[in-house]
Amino acid sequence: MTAVELTSDALFEQGMARLAELLGPPWQIDRRPDNKETRRSGGDIVVTVQAEGEGSYAQLLVDVKPTGVSPRTVEEVLLAKLDLLRQLNHHTTLLVLTPWLSRQTQKLLRRHDISYLDLMGNVSLRVPRPAIVIHTEGATRAPQALAKEPGRTTLAGPKAGRLVRLLTDVHPPYRAGELAQASGLSLGYVSRLLDTLEDQLLIRRDGRVITSVDWPNLLRARAARETLLRKGSYVGLLAPNGVPAVIERIRHLPQSGLDNIAVTGTYAAYTVAPLAVGGQLMVYTSPLLDEDDLGEELGLLPVDENADVLLLQARDRSVFERTKIVDGIPHVALSQVALDCLAGPGRLPAEGEAVIEYMKAHQRRWQVSGMDNLLTPDQL
C-alpha cells in the first residue's frame with residue numbers, strides 16, 4: 001500500500017493501535033467528537049489519553065498526514081498550527097501521524113517540540129501531565145512502497161547522485177541551468193529534483209538562484225536512498241599477501257590504470273577521519289578496465305566469501321569526478337567517500353559521519369567556490 005492509497009481513517013486507526021501498544025493495558029485512548037476548537041486549529045482529530053484509575057488525562061490533537069511530512073511542511077504549516085494551538089489551549093499536545101518520517105524531519109519536529117508517530121516505528125511523544133515520555137527509533141529508510149513518490153523526482157538513482165555530488169562540491173550561488181550544463185543532465189530533470197530538495201529544506205533559493213545548500217543532510221538523504229554493496233555491483237577478491245601489498249601494486253600501475261580506478265570506503269575515509277584501521281579495501285573501477293585483468297595485475301584471487309578487496313562497478317561517471325591523489329593512489333572526492341560510507345554496511349556509516357565532520361571543519365580545503373571554478377586543477 002502506498003502513502004496515497006492509505007486513507008486518513010486507516011492511518012489513524014493503525015497509528016492509535018500502535019500508540020495503545022506502546023502505552024500498555026492501563027491506558028485508554030478515546031476519540032473526541034469534532035468541535036469548534038478542532039476546526040479552528042486546523043487539526044484532524046482530538047483524542048484523550050488516560051490511565052486507568054487516574055482523574056487527569058492528556059489531550060492530543062492528531063494531525064493525520066497520509067502523504068507524508070516534509071521539513072518544508074513543518075516550517076510552513078505545522079509551526080503555524082502549533083502556535084495557534086498554544087493560543088487556544090496550551091494543554092493540548094500536537095501529534096503528527098504519518099506513514100514514515102525521515103530522520104531530518106524527525107529532528108526538526110523534536111526541535112520545535114512537536115510529537116510524532118509513524119507506522120515504521122519512529123515515535124516521539126512528550127506530555128507533561130499526566131507524564132508521558134515515549135521515544136523509539138524505527139526505519140531510517142523509506143519502505144519500498146513509499147520510496148517512489150507519485151509525481152516527485154527523488155534522490156534515488158545515478159542521475160540524482162551526480163547532481164548531489166555537484167551541489168556538495170561547489171559552493172553556491174548558481175542556477176539550475178548551470179547545474180544542468182555542468183552535470184550533463186537535462187534542465188527539466190535538474191529543476192524537478194531541485195524542487196524536491198527545496199521541499200526537504202536541503203537547498204534554499206532566492207528566486208531562481210540557489211543561495212545555500214545543506215550538504216551534510218543532502219549527503220545523508222542521498223545515502224538513505226542507496227545501498228553501496230548491492231547484489232551484482234562488486235567483485236570480491238582475496239589478497240594472499242595482505243592489503244598493504246595490493247596498495248603498493250596499485251601505486252605502481254601504469255597511468256592508464258590509475259586513470260580508471262579510485263579508492264573509496266574505509267581506506268579513503270582513514271586519510272581524514274581515522275576511526276578504524278584495516279577493513280576491506282574498496283576500489284571503484286571504470287567500465288574501460290577488465291576486472292579480471294586488474295585483479296591478476298594486483299595479485300588477487302577470486303573468492304565467494306571473506307574477501308578483503310572489493311572491486312566496485314561505478315554506476316555513474318560522477319564517482320570519478322574531482323578525485324584526488326593520496327600517496328600516489330587515486331581516491332574519490334570526500335563527498336563520494338561520505339556517500340559510500342553512509343550507504344555501506346557495518347561500521348562504514350560511522351566513518352561516513354566522521355568524514356562529514358572533517359568536511360565541515362575544513363570546507364575551504366575541498367569545496368570549489370562557484371561554478372566558474374569547477375574545472376580548475378584539483379583543490380582537494
Glu305 is checked against (1) more than 31 Å from the chain's Cα centre (by Cα); (2) of a type in the set (D, E, K, R); (3) closer than 16 Å to Leu229 by Cβ and fails just one. What number does that condition carry?
(1)
Restricting to strands (runs of 3 or more DSSP E) lying wholly in region 129-242: which have 3 or more residues that are closer than 19 Å to Met371 by Cβ and not hydrophobic (A, V, I, L, M, F, W, C)?
203-206
Of the residues in region 69-103, those that are under 16 Å from Arg126 (Cβ atoms), open to solvent by less than 20 Å² (accessible area, probe 1.4 Å) and either charged (D, E, K, R) or part of a helix (DSSP H, G or I) (or both) come to Leu78, Leu82, Leu85
Scanning for something under 23 Å from Arg364 (Cα atoms), buried (at least 19 other Cβ atoms within 10 Å of the Cβ), touching an Asp or Glu at 6+ places or on another chain (Cβ under 7 Å) and among the aliphatic types (A, V, I, L, M), does region 314-329 turn up at least one residue?
no
Looking only at region 224-245, count every residue that is surrounded by fewer than 17 Cβ atoms within 10 Å (Cβ to Cβ) and among the basic types (Lys, Arg) and tell me the total.
2
Could you list, in sequence order, the residues of region 336-358 that are assigned to a helix (DSSP H, G or I) and in contact with a Ser or Thr (Cβ under 8 Å, 6 or more places away or on another chain)?
Gln336, Val337, Asp340, Cys341, Leu348, Glu351
Take Val272 and tell me if it is in contact with a helix residue (DSSP H, G or I) (Cβ under 8 Å, 6 or more places away or on another chain), outside any loop (DSSP other than H, G, I, E, B) and either over 18 Å from Glu248 (Cβ atoms) or open to solvent by less than 10 Å² (accessible area, probe 1.4 Å) (or both).
no
Within region 250-269, track down each residue that is open to solvent by less than 20 Å² (accessible area, probe 1.4 Å), assigned to a helix (DSSP H, G or I) and of a type in the set (Ser, Thr, Tyr).
Thr266
Which of the residues that make up region 38-58 are surrounded by fewer than 15 Cβ atoms within 10 Å (Cβ to Cβ) and modelled with pLDDT under 85?
Arg39, Arg40, Gly42, Glu52, Gly53, Glu54, Gly55, Ser56
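Is there a residue being more than 20 Å from the chain's Cα centre (by Cα), closer than 27 Å to Arg230 by Cβ and open to solvent by less than 10 Å² (accessible area, probe 1.4 Å) anywhere in region 337-356?
no
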Considering only residues that are under 17 Å from Arg192 (Cα atoms) and of a type in the set (Asp, Glu), which ones fall in region 165-179?
Glu178
Would region 364-372 turn up any residue that is over 30 Å from Gly177 (Cβ atoms) and not in a loop (DSSP other than H, G, I, E, B)?
no
Quick one: Lys324 ticks every box in (1) touching a residue at least 60 places away in the same chain (Cβ under 8 Å); (2) over 21 Å from the mean Cα position of the chain (by Cα) except a single one, so which number is it?
(1)
Evaluate the following for Glu297: is it more than 24 Å from the chain's Cα centre (by Cα), surrounded by 13 or more Cβ atoms within 10 Å (Cβ to Cβ) and more than 22 Å from Thr271 (Cα to Cα)?
yes
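The values are calculated or read from the model by the stated rules, or taken from the named source; none is laboratory data. Quantities reported herein were computed from a predicted structural model and do not represent experimental measurements. Cβ atoms come from the backbone with ideal geometry, glycine included; neighbour counts cover every protein chain shown. Protein only, heavy atoms only, side chains kept; ligands, DNA and RNA dropped before computing areas. Shrake-Rupley method; radii C 1.70, N 1.55, O 1.52, S 1.80 Å.
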